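Remarks on the structure that follows.
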Amino acid sequence: MAPAGKKTSKNKSSEDNNNNNDNHRDGDGVPDALLENQRTRVTVGNSGNENTRGVYYSGAYTSLGYDNSFSLEKFKKNFKIKVLSDQPEHLVFEMIGVDAPIANALRRILISEIPTMAIERVYMINNTSILQDEVLAHRLGLIPIKVDPSKFNYKQPNKEYTAEDTIIFSLKVKCYRDQKTGEIVNETVYSKDLKWVPTEDQQEIFDEDDKPRPAVDDIPIVKLRPGQALEVQCYCEKNIGREHIKWSPVGTASYKIMPLITVSPKVTGEKAEKLKNSCPMKVFDIEDSGQAFAARPLNCTMCRECIRDPEMEPLVKLERIRDHFIFSIESVGTLEPKSLFKQAIQILIDKCVTVENSLRSNV
């Protein structure tokens, strides 16, 4: 039997070999743990962020035996979408396997390139309210109109309004005091007071359930006093948010990179309580064993409060997964978020096709 010291040395050597094997490439050319971490993680620390820039050059890791070139098959295998919350006007989902430029392109398309209908021309027939005509017209223009824009054409400049490119709304309200009760009637003009004025052609396009109307009924437009009145005609046109924000179909479209939080097993007892209480977003919790862990990582905003203490910084590792995004789409009510996301993808595909055709014609 070998002496105890020899046995310990042999076991330690075996462990070192295992660690070395874990940190090197396998037979399929997969990079070691350190390289994979540099490629796919953004590290957040008190001194700053590391690995913030993505590396897209195909030969960036050739010297290490790893091919970093884009693979369509690999993309198809890795790309995933997981819906976290699906509400009529708010969609939250995970988008996995894409780079930040693609996620940002979809965000920008959602904000500025999906067409909607909005009030563009306001004809004042009577306005005795305290609000000036220009301010009133601006407020009316920002009211989201719930209607399918695909049923209309873009209005051509210097052309007359037609049923194919225009929706007309009428707003006629008069404020007065009820003689019997003394209550003021129509003190506030709301978006629900906008009434669609259809043409004969448009009557056939829409059913009763999907007729053009404001997306929200209780948007205040102006306050009136007894004797004041408001009568206007509003003309809606089709356009995109790049022309004016009133045509944007979203209140906001945003994303954040998926947080990855690793807590050392040493964080127990008082340290665990300290870590839990340090986080303003309540990310951490304590197991029955007394060890702290990241119970709600999606809440993390990377504020670094958990690692401000030099004692805690080596015990908590904050990272973000570079190709994993939490995407949020908040619709203004004109179109459903799922429909908006599908349209954004189609617009991105059309842009790629245009670039591809342009390259082919010039090469």
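Checking each residue in the range 293-329 for being of a type in the set (Lys, Arg) and over 22 Å from Arg53 (Cβ atoms) picks out Arg296, Arg308. Taking the range 299-321 as the range and being basic (Lys, Arg) and crowded, with 19+ Cβ neighbours inside 10 Å as the test, only Arg320 passes.
Among the residues of the range 255-274, those that are touching a Leu at 6+ places or on another chain (Cβ under 8 Å) and not in a strand (DSSP E or B) comprise Ser264, Lys266, Val267, Lys271.
Just to be sure before I move on: is Thr262 hydroxyl-bearing (Ser, Thr, Tyr) and closer than 30 Å to Pro144 by Cβ in the structure I sent?
Numbers: hydroxyl-bearing (Ser, Thr, Tyr): yes; closer than 30 Å to Pro144 by Cβ: no.
No: the conditions fail for Thr262.
Within the option set Pro214, Pro249, being within 20 Å of the chain's Cα centre (by Cα) and crowded, with 18+ Cβ neighbours inside 10 Å holds for one residue only, Pro249.
Taking the criterion of being modelled with pLDDT of 95 or more and basic (Lys, Arg), the only residue of the range 243-264 that qualifies is Lys246.
Have a look at Ile119, Ile125 and point out the one that is among the β-branched types (Val, Ile, Thr), closer than 30 Å to Ile349 by Cα and in contact (Cβ under 8 Å) with a residue 24 or more places away in the chain. If you could, list the steps in order and put the result at the bottom.
Numbers: Ile125 fails: closer than 30 Å to Ile349 by Cα.
So the residue among Ile119, Ile125 that is among the β-branched types (Val, Ile, Thr), closer than 30 Å to Ile349 by Cα and in contact (Cβ under 8 Å) with a residue 24 or more places away in the chain is Ile119.
On the given criteria, is Thr43 of a type outside the set (A, V, I, L, M), crowded, with 16+ Cβ neighbours inside 10 Å and either at pLDDT 90 or above or assigned to a loop (DSSP other than H, G, I, E, B) (or both)?
Values: of a type outside the set (A, V, I, L, M): yes; crowded, with 16+ Cβ neighbours inside 10 Å: yes; either at pLDDT 90 or above or assigned to a loop (DSSP other than H, G, I, E, B) (or both): yes.
It is true that Thr43 is of a type outside the set (A, V, I, L, M), crowded, with 16+ Cβ neighbours inside 10 Å and either at pLDDT 90 or above or assigned to a loop (DSSP other than H, G, I, E, B) (or both).
From the residues in the range 226-244 that are out of contact with any strand residue (DSSP E or B) (no Cβ under 6 Å at 6 or more places or on another chain) and in contact (Cβ under 8 Å) with a residue 60 or more places away in the chain, which one is surrounded by the fewest Cβ atoms within 10 Å (Cβ to Cβ)? Among those that are out of contact with any strand residue (DSSP E or B) (no Cβ under 6 Å at 6 or more places or on another chain) and in contact (Cβ under 8 Å) with a residue 60 or more places away in the chain, it is Gly227. Ala272 fulfils the conditions (1) in contact with a strand residue (DSSP E or B) (Cβ under 8 Å, 6 or more places away or on another chain); (2) in contact (Cβ under 8 Å) with a residue 60 or more places away in the chain; (3) among the small types (Gly, Ala, Ser) except for a single criterion, (2).
Yes or no, residue by residue, for (1) more than 22 Å from Thr334 (Cα to Cα); (2) within 25 Å of the chain's Cα centre (by Cα):
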site: Asn104; (1), (2): yes, yes
site: Arg107; (1), (2): no, yes
site: Asp148; (1), (2): no, yes
site: Tyr154; (1), (2): no, no
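Of the residues making up the range 173-211, those that are surrounded by 13 or more Cβ atoms within 10 Å (Cβ to Cβ) and more than 22 Å from Ala137 (Cβ to Cβ) number 10. In the range 69-83, the residue that is farthest from the chain's Cα centre (by Cα) out of those that are within 11 Å of Ile96 (Cα to Cα) and among the aromatic types (Phe, Trp, Tyr) is Phe75. Out of Lys271, Lys276, Lys266, one residue alone is in the same structural domain as Gly97 (by TED's automatic domain parsing) and either surrounded by fewer than 18 Cβ atoms within 10 Å (Cβ to Cβ) or β-branched (Val, Ile, Thr) (or both). It is Lys266.
The values are calculated or read from the model by the stated rules, or taken from the named source; none is laboratory data. The model shown is predicted, which means the values in this text are computed figures rather than measured ones. Positions of Cβ are backbone-derived with ideal geometry, glycine not excepted, and every protein chain shown enters the neighbour counts.
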